[in-house]
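Each remark here refers to the structure printed beneath this line.
Computed from the coordinates by the stated procedures, all read-outs in this text should not be read as laboratory data. Since this is a predicted model, take the numbers as computed values, not measurements. Quick reminder, even Gly has a Cβ in these numbers, built from the backbone with ideal geometry, and neighbours come from all protein chains shown.
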Amino acid sequence: MTRRLLEEFTARRPTTRPPAALGRLTPREREVLDLVVRGRSNTEIARTLTVAETTVKTHLAHILGKLGLRDRVHAVVYGYEHGLITPGATTEPP
């Protein structure tokens, strides 16, 4: 189901301008979102950003709330829809 959902959304062209809602995120929340969109686990994100895993969970909860998203999968779909990552792009952060 998730695969089909991602295939459908990745087939669409992303918007050319990032949505205003992204501006509500702090720089750290944006970093966490970028890593979530790239498929990183909370543990991997914590290691990459040198923070506690509970801190990552807190940031993720704030991101979901600010963007009106339901869960991590919805965040990944959001990222693809808004051009935060494109199909076939490397999973390494920029």
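The phi-based Karplus calculation (6.51 cos²θ - 1.76 cosθ + 1.60; θ = phi - 60°) puts the 3J(HN,Hα) values of region 44-58 at 5, 5, 4, 5, 4, 8, 6, 9, 6, 4, 5, 5, 4, 4, 5 Hz, whole numbers, x for Gly and Pro. Here the Karplus curve 6.51 cos²θ - 1.76 cosθ + 1.60, taken at θ = phi - 60°, turns the phi angles of region 65-77 into couplings of x, 5, 9, x, 9, 7, 7, 4, 4, 4, 5, 5, 4 Hz, with x standing for Gly and Pro. Packing-based ranking of 65-75, 33-43, 50-60 yields 33-43, 50-60, 65-75, ordered from highest to lowest mean Cβ neighbour count within 10 Å. Subtracting the Cα-Cα distance of T48 and D34 from their residue separation scaled by 0.36 nm leaves 3.8 nm.
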